[in-house]
Amino acid sequence: MARWGMVIDLDRCTGCAACEVACKSENNIAPVSAGEADMGRATSWMKVMAQVEGEFPDTTMHFYPRPCMHCDNPPCIRVCPVQATYINDEGVVGQIYSRCIGCRYCANACPYMVKYFNWYGPEWAQSERNHLNPDVSVRPAGVIEKCTFCHHRLQKAREDARAEERELREEDYQPACADICPTGAIVFGDLDDPSHRVYSLKEDPRALRIMEDLGTQPKVYYLRPRE
Amino acid sequence: MSPSRRDFLWTMGAAAATVALKGTQDVFWSSEELADPGWAPGIEDRRNSACLICPSRCGIRSRQVDGRLVRIDGNPLHPLSRGGLCPRGVAGVQMLYHPERLDAPLVRNGPRGSGQWERVTREQAIARIAERLGGLREAGRPEALALLAGYSAGTMQDLWRQFLASFGSPNYVADEYDDGTEAVMALMHGIPRRPSYDLDRARLVLSFGAPLFESWWSPLQAFVAFANPDDEGDGGPRYIQVDTRFSRTAARTHEWVGVRPGTHAVLALGIAYVLIRDELFDAGFVARHVAGFEDFVDEQGQPREGYRSLVMRNYRTEEVSAITGVPVARITALARAIAANRPAVAVCGTDVTLAPNGLLAGLAVHSINVLMGSVNRPGGVLFGEDAPITALGSPVLDEIARQGVSRQPIGVSPSPFASGGQALRFAEIVARSEAPVDTLLLYYANPIASSTHPSVWRETLDKIPFLVSFSPFLDETSEYADVILPDLLPYERWQDAPAPVSYPYPVWGVARPLVEPHEGATHTGDAVLALARSLGGSLAESLPYESFEGLLEERAKGLYAVRRGMTLGGHFERTHHRQMEERGWWLPEHTGFEAFWEELVERGGWTDLFYDHTDPHRLARTDSGRIELMPAALLRVLDQAESVGALYLDIESEATGERPEDHELRLLPYRVSTLASGTLALERWLAEQPGIFPDVLWHPWIEVAPETAGTLGLGDGTDVWVVSPRGRYRARLKVSPGTAPETACAPYGLRHPDGQIANPLQLLDGSSDPLTGLPSWSSTFIRLERA
């Protein structure tokens, strides 16, 4: 059984945010108005965060792309009263929109703040509906949504592999963010499969996980900057 | 309509049912379409093409479902972008399906700017334009036609030039970004071409104010070299950014050297001082290929100081440190790093060249490359070439055209070394009624939003009786138009996409329609060909092409005939071809032109990754055959015009314009990666990710240092007016610790949520470099007021 995870090399990340926009395009994430954005209601399953230290001219800044950490011990599923959020056998933390009652307990329980509530239904102009990805449902108002590691791509990749009667390869299943990254900073794969790059990268001395001490056991690793 | 929960549940059930239908074909479901009766599985298609959004012209790979473009990825075969893409490229689907795109040609039906339009057919619009243009030629004044064109390198530019020439107009007015480096190369090397940078093979990249990771000619070129994805190790050069602004590039390169505003070039010569003093420069290269290093006797027989004397006398590290604010030890360390990591290349950016003495500063920065011998060598500055596509041929000129093109183009620069700022001079001359322009064509130009002088442009447009816009959106300038013939959007049209000059190798990308073109829009290339046909005579003879697509195919025949290069291919193919060509081999891979063209389009373009480093014509084409550190042509001009300054001496950019007492912040406008010029509509995904601050969404902002904000008593997120003697605009204050004190950094090209443009350039003090005509972006002072 695979255990999907991600390693993000902060030395390679230039903060360009292609991952962020690629995620929005892949997962039909509806933009909100400027007023809603001011209230912190913009949704970005993948969000490029920035950390600044020091003042001119001795400033340093690091960008870290932040998807859902897909914890092995996710705090969000413990608080969900209706089991709308769950972790599957392969370690992907998912959200069943039709079950979600919009209580937002999970969003509050998540220390990484990667669960987003739909205050309104998605607003797409008629013409914009053309670019929606048919593999991913749009979310109604009143439910929580989150990064799925582009799980729909896995389903498709599995079907393709089965049709071609072969094993699933590493490159068959890559989420949109890893796919687009121009510097190859985001690496995705099976953490338990020695043939996948993430298997060895996660053992790198630079590897760390955010807020590991909470016992959440995240499956997203960061390679900390060298200097 | 957003689906209700009930729809959604129903969808899930139906989706489960469709799984059984799935065979080997790519089929899937859509929650939306399932609700419609008659739903059928979607057919998926992927095609390679090229991105046309910025000058980088990266390779893209599309995903269409049932003829709808649902996703844009990178094309892994493209040698420049190698499968990566920037957020603007990815968000292209939002431009294609933008709700505000014009869906029919429009003719003005009321006073200008009243917003009253009549929808017409394509044929009617073209006939209307042809009638006006035909009238101009009949009246014998074809020079009254002008074109204002944004960045359109490739066949569209060639087509426009051919059209104007055979029509009889000399007025191709470029309204595009110019970084002034072409003049630097022309003077030092005798090669009037912007430099190419071999970032892939450099070991150290020293960027002087070039926004490599943001809005450079090709951020992807910089990304790919930075990360070196083809290399298994941790390769990639060390990047050092010399910049006043703590930009995203400064934040993510290996080292940031924060300098005081306008002192980049001083630091460059401080580094040169250490290189010479410690004998770290490439003395052999300088002795063989460089003139003007040592003292010399000039054309008049006067003895003159050479580069070495000027630098050694004026740029002692202590003095440079006092001017730039960079400690002496750091300057020495930078010079040693350059010497220890060869090949090292210095990249000259707009923060250096868009200044009152930008040309002199640019020469100072490039002199480091000359000292280190980083010219025409792997990992240095190269002089690439354009893809050898078939030329359009000389335009056929009849008597009217011959008279027209012999006239002086409007707004051509009085500056001796470049023609920067032509668009603004054109506008000023027309506004003063000194040159009657009857018809102005606008092609990817929106000066009302992007110019440093929108008010001048408004007057200019009032003076021009007939305005034609080819913009796909009703932008600020198109609102004044008499006829709008909206262009097809990228992803709907054929266009060639040559890589920018910053990339050393020719790449001729081809963008092709990925979706069915919109009925109400017209390919501007086809419109130009139709106009030529309709006007007949010399125009029809000069442009005998059926369609723009046919013209592209015609041009590709040059690539087929040249017997080198390859259609785009993967890492192995690229390496194989390069190694073959290095050894003088080339193997034909196609049975004929048609197969070649088919594969070229299929793969997304053509490239030739071989560069001949032994060619002396790529080092210097000056009279002496050497690189001129003290170019005689420049010295002549500098001797006559004493106010300009002296070579390697007056290179600090200081405020020149009027500076009122309370204007204490130096304005540093910069272009953000997500929107660079204001010619395109607001894409909502990009509005949510505009720059480097995760908490600044949607609103245009201005960055100041914490102590500046404290002194002004303004907090983070306050709405402020940015005020200069020339005007003001609204922005949101962003307190950023990396910002230099006494500066304010303002992104350019952003819009407010209501679509209003926030243009810091309209505050600039209007000064420019007399040698190149390029505007100064860094010499204006502003103040902030609470809005």
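Bear in mind that the values in this text are calculations on the coordinates, not laboratory data. Worth saying up front: this structure is predicted, and the values here are computed from it rather than measured. Methodologically, a virtual Cβ is constructed for each residue, glycine included, from the backbone with ideal geometry; neighbour enumeration extends over all protein chains shown.
Using a simple spin-label model with pseudo-atoms 7 Å out from Cα toward Cβ, B:D298 and B:T711 lie 4.1 nm apart. Structure note, pairs A:K156/B:K557; A:K24/A:K202; A:K219/B:K734; A:K47/B:K734: Cα-Cα distances above 30 angstrom occur for A:K156/B:K557; A:K219/B:K734. Computed from backbone phi with θ = phi - 60° and the Karplus coefficients 6.51, -1.76 and 1.60, the 3J(HN,Hα) list for segment A:4-15 is 6, x, 9, 10, 10, 8, 6, 6, 8, 5, 9, x Hz; x is used for glycine and proline. Positive contributions from Lys and Arg (+1) and negative ones from Asp and Glu (-1), summed over other residues with Cβ under 14 Å from the Cβ of B:I448, come out at -3. For segment A:87-140, the set of chymotrypsin sites (Phe, Trp or Tyr not before Pro) satisfying both a DSSP loop assignment and a count of at most 16 other C-beta atoms within 10 Å is given as A:W119, A:Y120.
DSSP finds beta bridges in chain B, and of those with both partners inside it, around 55 percent are antiparallel. Model label points for B:S455 and B:E546, set 7 angstrom from Cα along the Cα-to-Cβ axis, are 5.4 nm apart.
Shape class of chain A from the Cα gyration tensor (axes a ≥ b ≥ c, square roots of the eigenvalues): rounded, since a/c falls below 1.5. Here segment B:254-272 is scanned for amide nitrogen atoms under 17 Å from the site 7 Å beyond the Cα of B:V328 along Cα-to-Cβ, giving B:267, B:270-272. Across peptide B:87-95, the mean count of Cβ atoms from other chains lying within 10 Å of each residue's own Cβ comes to 6.
For peptide B:251-257, the mean count of partner chain Cβ atoms within 10 Å of a residue's Cβ comes to 5.
Applied to segment B:514-526, the Karplus parametrisation 6.51 cos²θ - 1.76 cosθ + 1.60 on θ = phi - 60° returns per-residue 3J(HN,Hα) values of 9, 10, 4, x, 5, 4, x, 10, 10, 4, 4, x, 5 Hz, with x for Gly and Pro.
Other residues with beta-carbon under 12 Å from the beta-carbon of B:V696 carry, at +1 per Lys or Arg and -1 per Asp or Glu, a net charge of -3.
Among the GluC sites (Glu not before Pro) in segment B:158-244, those placed in a DSSP loop whose Cβ has at most 12 other Cβ atoms within 10 Å are B:E232. The shape of chain B comes out rounded: with a ≥ b ≥ c from the C-alpha gyration tensor, a/c is under 1.5.
Looking at segment A:107-176, the trypsin sites (Lys or Arg not before Pro) that sit in a DSSP loop and have at most 16 other Cβ atoms within 10 Å of their own Cβ are A:R166, A:R169. Put a dot 7 Å past the Cα of B:D615, heading toward its Cβ, do the same for A:C103, and the two dots end up 7.1 nm apart. Each Cα pair under 8 Å and six or more residues apart adds its sequence gap; the mean of these over the residue count of chain B is a relative contact order of 18 percent.
Projected onto its three principal axes, the C-alpha set of the protein assembly as shown covers 91, 70, 67 Å, listed from the longest axis down.
The residues neighbouring B:T121, those whose beta-carbon lies less than 14 Å from its own, together hold a net charge of -1 under the Lys/Arg +1, Asp/Glu -1 convention.
Summary of packing: across the peptides B:264-276, B:607-619, B:521-533, the per-residue average of other C-beta atoms within 10 Å ranks them, highest first, as B:264-276, B:521-533, B:607-619. If you sort the three axes of the alpha carbon gyration tensor as a ≥ b ≥ c, you get a/c of 1.5 or more for segment B:462-544 and a/b above b/c, which makes it prolate.
Taking every residue in A:169-181 and counting other chain Cβ atoms within 10 Å of its Cβ, the average works out to 2. Taking the helices alone, chain B has a mean residue ellipticity at 222 nm of -9000 deg cm²/dmol, built from -39,500 (n - 2.57) per DSSP H run of at least 4 residues and averaged over all its residues.
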